[in-house]
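First the structure, in the form of structure tokens, and then the observations on it.
The values are calculated or read from the model by the stated rules, or taken from the named source; none is laboratory data. What you see is a predicted model; the values in this text were computed from it and never measured. Every residue, glycine as well, gets a Cβ built from its backbone with ideal geometry; the counts of neighbours run over all protein chains shown. The area values use the complete protein model at the heavy-atom level, side chains included, leaving out ligands, DNA and RNA. Shrake-Rupley method; radii C 1.70, N 1.55, O 1.52, S 1.80 Å.
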Amino acid sequence: MLEVDGLTKHFGPIEAVRGVSFQADKGEVLGFLGPNGAGKTTTMRMITGFLPPSAGTARVCGHDVGADPVAVKRCLGYLPENAPAYDSMTVTDFLRFGAGIRGFRGKAGRDRVDETIVTCRLEKVRHQAIGTLSKGYRQRTCFAQAVLHDPPVLIMDEPTDGLDPNQKHLVREMIREMASEKTIIISTHILEEVEAVCDRCVIISNGEIVANGSPDELKAKSPSGTLAETFRMLTLDKEEENNG
Amino acid sequence: MASIHNIGAIFRRELKAYFQSAVAYVFMVVFLVLTGFLTFSVARFYERGVADLAPFFFWHPWVYLLLVPAATMSLWAEERRSGTVELLLTMPITMTEAILGKFFAAWLFITIGVVLTFPIVITAAYLGSPDMGVVLSAYFGSILLAGAYVAVGMLTSSMSRSQVIGFVLGLLGCLLLLLAGWEPITGFFVRWAPDWLVRAIASFSFMPHYDAMQRGVIDLQDIAYYVSVMGLMIFATHIVLDNRKSA
């Protein structure tokens, strides 16, 4: 479903991502972990075709993102960091715009939007301007935009960042509901989230992959058997190595 | 290739955004009041005793100078500031479609303002008998000029996340194109630049192309000029966004 092959990104002299490769299959929820600034967002932006890679490539549903970005974008749902959305639009208008771009027209588009509003629990705010929504609703509106067209691959950049525990629970529940028939990638630095929803995780530090395995396998790497310790072991080493 | 459907979706969203915010109403009111004031009070439309719209169209390049960059400054700067550009450009559309959708929405928005000045045509027709061919040609030229301004404003809006920078650079860019043929500007180049370069710079000016249509002459060359300015600016916007969209 999704193959990432040697993705590399330079910003001037800074190497933000260096040769990241991994795969994800249908039915898999892949956690993409790393400290802040490790290159998670940059990697996701390259997979979604927003940023051109300096080297390497990503293939989504068999389409190469460099050769056919529009085909890749068609099979992707993407929830960017901080859930950007057009503040002056209402939730319904915003989703209808998304539906229009995704090729749902007329009644099909309106039905699609209505269904998505129900699955994402947005009924209460559907006629409200996005700028007036609370963070949780805003996040869900942007989430709704990402799943509207039922994409086979879903990429989410810190989907629960800044939400309260109830909202986090709700978002995770929605992710789990969809997990069986999609390939889902979630970037996060919240480790409890990984244990709650992910089948496998990739840990990235300083632009490189330092671990790739199931949460249990990763736990087993540390003496105390916790994910937090493994995470620290793998990512702190790296940072020290690079800083001195 | 660019799909009309995708351009249409962007176009409709953008046009709706104008009318959902106060921008549209402030713009329309200021545009109409300002052109009205300049035509009637400054250019003394009634006192001239001639039933033509020359004093009205005379002001368009100057009113656009202030208002068009204000209407276009948010086109890309706001997308970049709020991060929605990431959403927009990861939808299954090409960058060209996104740019064209926004460009045509902003152009139509300005055009609606221009068309709303029609009562002045009625006034002139009531007072005398202006040459309607000239009036239509002048409107056509004015709308083309607005399109060129919109293209310049869209380019400068794509250059930073700040709408203020977009506005100021847009105003400067339009001013330069407006005055390129004016003596103090050509005089600056004439001292050291070869003659052909001075003439080339002067020929970039909006003014001669605008004036011809004010006299009722629609020349294919003038239309080609405006279309190439717009095309060039759209192309440049594409390049700027390719390089800076995430910065």
- request: Along Cα→Cβ, 7 Å out, is where each label goes; now give me the distance between the ones at A:ASN166 and B:LEU176 in nm to one decimal.
  value: 5.6
statement: For peptide B:18-24, the mean count of other chain Cβ atoms within 10 Å per residue Cβ is 2
query: Taking a quarter of the surface of the convex hull around the Cα atoms of the stretch B:1-55, what do you get in nm²?
result: 6.1
statement: Only helices counted: for chain A, with every DSSP H run of 4 or more residues adding -39500 (n - 2.57) and the sum spread over all residues, [θ] at 222 nm is -12000 deg cm²/dmol
field: Solitary cysteines of the protein assembly as shown, where the nearest other Cys Cβ is not under 4.7 Å
entry: A:CYS120, A:CYS142, A:CYS198, A:CYS201, B:CYS174
task: Over the protein assembly as shown, average the accessible area per residue using a 1.4 Å probe and give it in Å², no decimals.
output: 43
- prompt: Packing-wise, with mean Cβ within 10 Å as the measure, how do B:152-158, A:3-9 rank, highest first?
  reply: B:152-158, A:3-9
query: Angle between the Cα long axis of helix B:60-72 and the longest principal axis of chain B, 0 to 90 degrees, nearest 10?
result: 20
task: Could you tell me what % of all Cα pairs in chain A have separations over 31 Å?
output: 24
query: What does the charge dipole of the stretch B:142-245 about its Cα centre add up to, to the nearest 20 debye, if the Cβ of each Lys and Arg holds +1 and the Cβ of each Asp and Glu holds -1?
result: 360
- prompt: When the Kirkwood hydrodynamic radius is evaluated over all pairs of different C-alpha atoms of the stretch A:84-150, what value in angstrom, to one decimal, is obtained?
  reply: 11.4
message: Once R0 is set to 25 Å, what does the formula 1/(1 + (r/R0)^6) return for the Cβ-Cβ distance between B:ALA125 and B:LEU66, expressed as a FRET efficiency to the nearest 0.05?
response: 0.30
- prompt: How would you classify the stretch B:26-65 from its alpha-carbon gyration tensor, with a ≥ b ≥ c the square roots of the eigenvalues: rounded for a/c under 1.5, else prolate if a/b is greater than b/c, otherwise oblate?
  reply: prolate
task: Using only the Cα atoms of the stretch B:154-196, each taken as one equal point scatterer with no solvent, compute I(q) by the Debye sum, divide by I(0), and report log10 of the ratio at q = 0.22, 0.34 Å⁻¹.
output: -0.71, -1.09
query: Along the charge dipole of the protein assembly as shown, which of B:GLY181, B:ILE122, A:GLN139 sits closest to the positive end, that is, farthest toward it, with unit charges on the beta carbon of Lys, Arg, Asp and Glu (+1, +1, -1, -1)?
result: B:ILE122
- request: Step through the residues of the stretch B:14-19 one at a time and calculate ³J(HN,Hα) from phi using the Karplus curve (6.51 cos²θ - 1.76 cosθ + 1.60, θ = phi - 60°), rounding each to whole Hz and writing x for Gly and Pro.
  value: 5, 5, 4, 4, 4, 7
Built amide H within the under 5 Å cut-off of A:VAL210, gap 5+: A:ILE203, A:ILE204, A:SER205
task: Leaving out ligands, DNA and RNA, calculate the buried accessible area for the pair B and A with a 1.4 Å probe, summed over both sides, in Å² to the nearest 100.
output: 2400
message: If you split all Cα-Cα distances of the stretch A:104-244 into 5 Å bins from zero, what percentages do you get per bin, shortest first?
response: 2, 9, 17, 18, 16, 14, 9, 7, 5, 3, 1, 0, 0
Set A:LYS26/A:LYS73; A:LYS73/A:LYS219; A:LYS9/B:LYS16 screened for pairs whose C-alpha atoms are more than 28 Å apart: A:LYS73/A:LYS219; A:LYS9/B:LYS16
From the C-alpha gyration tensor of the stretch A:129-197, square roots of 5λ in Å: 19, 16, 10
task: Please list, in chain and number order, the residues 5+ apart from A:MET89 or on another chain whose amide H is under 5 Å from its amide H, with Hs placed from the backbone.
output: A:ILE130, A:GLY131
field: Candidate aspartates and glutamates for bridging to A:LYS40, where Cα separation is under 17 Å - those fewer than 8 sequence places away on the same chain excluded
entry: A:GLU3, A:ASP5, A:GLU15, A:GLU81, A:ASP157, A:GLU158, A:ASP161, A:GLU193, A:GLU208, A:GLU239, B:GLU86
field: Tensor-based shape of the stretch B:4-244 (alpha-carbon gyration tensor, a/c under 1.5 rounded, otherwise prolate or oblate)
entry: oblate
- prompt: Using alpha carbon centroids, what distance separates the stretch B:191-238 and the stretch A:87-157, in Å?
  reply: 44
query: Helix A:227-243 sits at what angle to the longest principal axis of chain A, using alpha carbons and giving 0 to 90 degrees rounded to 10?
result: 70
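When the accessible area of chain B is split by element with a 1.4 Å probe, what percent falls to carbon and sulfur?
That fraction is 73 percent.
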statement: Which of B:ASP131, B:ASP195, B:ASP52 fluctuates most in a GNM of chain B (C-alpha springs under 10 Å)? That residue is B:ASP195
Mean projected area in nm² (Cα convex hull; one quarter of hull surface) for the protein assembly as shown: 28.4
- prompt: By how many degrees, 0 to 90 and rounded to 10, does the Cα axis of helix B:220-244 deviate from the longest principal axis of chain B?
  reply: 30
task: Just subtract the alpha-carbon distance of B:PHE188 and B:MET95 from 0.36 nm times their residue separation and send over the number in nm, one decimal.
output: 29.7 nm
- prompt: In nanometres, what is the gap between the two model label sites at A:LYS135 and A:MET233, each 7 Å from Cα along Cα-to-Cβ?
  reply: 3.3
- request: Taking only Cα atoms and a 10 Å spring cutoff, compute GNM fluctuations for chain A and point out the largest among A:ARG200, A:ARG232, A:ARG74.
  value: A:ARG232
task: Grab the Cα-Cα distance for A:GLU123 and A:ALA55, subtract it from 0.36 nm times how many residues apart they are, and report the gain in nm with one decimal.
output: 20.1 nm
field: HN-Hα J in Hz across the stretch B:192-197 - Karplus 6.51, -1.76, 1.60, θ = phi - 60°, x for Gly and Pro
entry: 10, 8, x, 4, 5, 5
- request: State, to one decimal in nm, how far the label point of B:MET132 lies from the label point of B:VAL227, with both points 7 Å from Cα in the Cβ direction.
  value: 2.7
message: Which one, A:VAL17, A:VAL118, A:VAL72, has the greatest fluctuation when you compute a Gaussian network model over chain A with C-alpha springs under 10 angstrom?
response: A:VAL118
field: Karplus 3J(HN,Hα) series, Hz, for the stretch A:144-156 with 6.51 cos²θ - 1.76 cosθ + 1.60 (x for Gly, Pro)
entry: 4, 4, 6, 9, 3, 9, 6, x, x, 10, 10, 10, 10
query: In peptide A:85-92, what is the residue-averaged number of other protein chain Cβ atoms found within 10 Å of each Cβ?
result: 4
